[in-house]
Amino acid sequence: MIFHHFGSYILLLKKVFKKPEKWKIYLKEIFHEMNEIGIGSLSLILIISTFIGAVMTLQIAFQLVSDLIPTAVIGQINRDSNILELGPTISGLVLMGKVGSAISSQIGSMRVTEQIDALEIMGINAPGFLILPKIIAGVIMVPVLVIIAIFCAITGGLIGGSLSGAVAPSDYIQGIQEGFNGFTVTVAIVKAIIYGFIITSVPAYKGFYVRGGALEVGQAGTQAVVIGCISILACDYIITALML
Amino acid sequence: MIEVQNIYKSFGDNEVLKGIDAIFEPGKVNLIIGGSGSGKSTLLKCIVGLHDPDQGEVFFDQQEFTGMDFEERIPIRRNLGMLFQNSALFDSMTVEQNIIFALSMFTDMSQAEKIERANFCLDRVNLKNVNKLYPSELSGGMKKRVGIARAISMSPKYLFCDEPNSGLDPATSILIDELIQELTEEYQCTTLVVTHDMNSVMGIGDYILFLYNGQKFWEGSNEEMLRSDVQELNDFVFASPLMKAARDSIK
């Protein structure tokens, strides 16, 4: 069953990456999807990542109560854990829930109301027209959102640490500047690009092959989010193992 | 002209079409009729390529359509318009955008020319001042007419209608039937209509293909149908007392 779905997913992707009928129309769709995925998810990412950064600071401070460890380490740990793991993966999981379910429902509804059949009758490559702009937009916008999430989480840590008195702002800022390895950002961006692909392509697959009515469209959305989240976590492990 | 030869189609163990042969001529309204589950919508979907038949061939003007891949089918599909049962209008687009969509995709017409074409198509189906409305703002009859306007936007050689009258009141159904007949004559296109609306059958059926249990059971014109002695056909067409009375009075 898993291999059947994986095979169908690969065959769908083969159709998705066929040459577009007219790039001008696809570009318009890509910008529309970039707005939907990027701007539409910005406020959610801002709120979640700021709170995660603040909570991380408090928890690191709670676990590192020792006169031997300088408090600047709190900023350092917060920075690295946000860049390497929390920024990309939490954002990926949140976006899977928000963007993934929307993509699955949209394409699934088009399937059950015969709108996809109408595209195919016109001679339009429906997988390409419906899915390619979403994948391109996801691969571009998810890394942008992840970078914003990392920035917000580190800033949230500064605010949370200062408000609670867990760490002095000067110590925290010193910590986030010390021993910075730029490669961690590369790892984060690689993760974000792959998550962007999963967040858009897996729900699109589930929506594209839905059969039935409103109930099945809802079920496809749930399955897409579950499969997508598991895929993100599996890819998280593989990328970390390969790159670090 | 569209020709289907020996079409078989099954879904699992359920054999829906069992060796259908038919020829649908241009300039005529060709109707496919039959009871629920008789395979008429499946036959239509096999003809337009939404389903691949298990066996048999479909020819569009002597070109074998069933053996073609997606790219090879594109030139034929650009000459093909279809009205779906639920209209299948793109709900994220306005009426005007729905109609000019195929023109934008496949022609180099300017925006002004496309809008002019959209207005012509809407005028042709007797709709005015609906260009900027979304499908959700239209009535069932208006959606069908927009669906027809979209189908004729590329001046099709082949026009397909899947139950065009379902969910419509009798007066609107007659308007849609008249429109299909007028467009068939105007474009001299090969029109295929799947229906179980007996008013349509009697009103516009130049050629009627009656399917029964997935098989071609009868074919002919609406006048021949009135004189037919085929029991299954009569049971289906003249099921209501009103239709029986109408037939008896004509006979």
Quiz prompt | In the stretch B:46-60, the residues that are crowded, with 19+ Cβ neighbours inside 10 Å, farther than 29 Å from B:ASP123 by Cα and within 12 Å of chain A (Cβ to nearest Cβ) | solution = B:ILE47, B:GLY49
Quiz item: Of everything in the stretch B:1-27 that's among the polar types (S, T, N, Q) and in contact (Cβ under 8 Å) with a residue 12 or more places away in the chain, which residue is surrounded by the most Cβ atoms within 10 Å (Cβ to Cβ)?
Solution: B:GLN5
Quiz item: When B:LEU133 is evaluated against the numbered criteria (1) over 16 Å from the mean Cα position of the chain (by Cα); (2) within 14 Å of another protein chain (Cβ to nearest Cβ), which criterion, by number, is the only one it fails?
Solution: (2)
Self-check item: Meets criteria (over 19 Å from A:ALA54 (Cα atoms), surrounded by fewer than 22 Cβ atoms within 10 Å (Cβ to Cβ) and within 14 Å of chain B (Cβ to nearest Cβ)) for A:VAL185
Solution: no
Exercise. Among the helices (runs of 4 or more DSSP H) lying completely within the stretch A:39-142, list those that include at least 3 residues that are in contact with a Cys (Cβ under 8 Å, 6 or more places away or on another chain).
Key: A:40-63
Quiz item: Out of the residues in the stretch A:6-24 that are free of Cβ contacts under 8 Å to residues at least 60 places away in the same chain and assigned to a helix (DSSP H, G or I), which is nearest to A:ILE131 (Cα to Cα)?
Solution: A:LYS14
Exercise. Identify all residues within the stretch B:70-94 that are closer than 16 Å to B:SER136 by Cα, at the interface with chain A (Cβ under 8 Å from one of its Cβ atoms) and aliphatic (A, V, I, L, M); write none if there are none.
Key: B:ALA88, B:LEU89
Quiz item: Is at least one residue of the stretch B:5-27 in a strand (DSSP E or B), within 30 Å of B:ILE208 (Cβ to Cβ) and within 14 Å of another protein chain (Cβ to nearest Cβ)?
Solution: yes
Exercise. Starting from the stretch B:144-159, keep only residues that are within 17 Å of B:PRO26 (Cβ to Cβ), then list their pairs with residues that are among the basic types (Lys, Arg) and assigned to a helix (DSSP H, G or I) whose Cβ atoms are within a distance under 9 Å, requiring at least 6 positions of separation or different chains.
Key: B:ILE152/B:ARG124
Quiz item: Looking at (1) away from chain A (no Cβ under 12 Å); (2) over 30 Å from B:TYR8 (Cα atoms); (3) among the polar types (S, T, N, Q); (4) surrounded by fewer than 14 Cβ atoms within 10 Å (Cβ to Cβ), which is the only condition B:GLN63 fails?
Solution: (2)
Practice problem: Mind checking which strands (runs of 3 or more DSSP E) fall wholly inside the stretch B:158-251 and carry at least 3 residues that are surrounded by fewer than 21 Cβ atoms within 10 Å (Cβ to Cβ)? | Solution: B:215-220
Quiz item: strands (runs of 3 or more DSSP E) wholly in the stretch B:28-123 with at least 3 residues that are within 27 Å of B:ILE176 (Cα to Cα) and in contact (Cβ under 8 Å) with a residue 24 or more places away in the chain - which ones?
Solution: B:29-33, B:80-83
Quiz item: Which one is surrounded by the fewest Cβ atoms within 10 Å (Cβ to Cβ) among residues in the stretch B:136-157 that are under 19 Å from the mean Cα position of the chain (by Cα) and more than 25 Å from B:PRO75 (Cβ to Cβ)?
Solution: B:GLY140
Quiz item: If B:GLU185 satisfies every condition in (1) farther than 23 Å from B:ALA246 by Cα; (2) modelled with pLDDT under 90; (3) among the acidic types (Asp, Glu) but one, which is the exception?
Solution: (2)
Quiz prompt | Qualifying residues in the stretch B:28-45 (those that are of a type in the set (A, V, I, L, M) and away from chain A (no Cβ under 14 Å)) - the one farthest from B:GLY203 (Cα to Cα) | solution = B:LEU43
Self-check item: Residue among B:GLY205, B:GLY214, B:GLY220 that is modelled with pLDDT of 90 or more, closer than 28 Å to B:ARG77 by Cβ and of a type in the set (Gly, Ala, Ser)
Solution: B:GLY214
Exercise. Check whether at least one residue in the stretch B:99-108 is surrounded by fewer than 17 Cβ atoms within 10 Å (Cβ to Cβ) and either under 19 Å from the mean Cα position of the chain (by Cα) or among the β-branched types (Val, Ile, Thr) (or both), and report yes or no.
Key: yes
Self-check item: Those residues of the stretch A:103-126 which are within 13 Å of chain B (Cβ to nearest Cβ), closer than 18 Å to A:SER8 by Cβ and hydroxyl-bearing (Ser, Thr, Tyr), in sequence order
Solution: none
Quiz item: Which condition does B:GLN97 not pass, out of (1) more than 18 Å from A:ILE121 (Cα to Cα); (2) within 12 Å of chain A (Cβ to nearest Cβ), if it passes all the others?
Solution: (1)
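One line per residue, one yes/no per condition, for (1) among the hydrophobic types (A, V, I, L, M, F, W, C); (2) crowded, with 20+ Cβ neighbours inside 10 Å; (3) away from every other protein chain (no Cβ under 13 Å):
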| position | (1), (2), (3) |
| --- | --- |
| A:PHE62 | yes, no, yes |
| A:ILE74 | yes, yes, yes |
| A:ARG79 | no, yes, yes |
| A:LEU95 | yes, yes, yes |
| A:LYS98 | no, no, yes |
| A:GLY128 | no, no, no |
| A:ILE135 | yes, yes, yes |
| A:VAL146 | yes, yes, yes |
| A:PHE151 | yes, no, yes |
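The values are calculated or read from the model by the stated rules, or taken from the named source; none is laboratory data. Being a predicted model, the structure only gives us computed values, none of them experimental. Cβ: placed from backbone, ideal geometry, glycine included. Neighbour counts: every protein chain shown.
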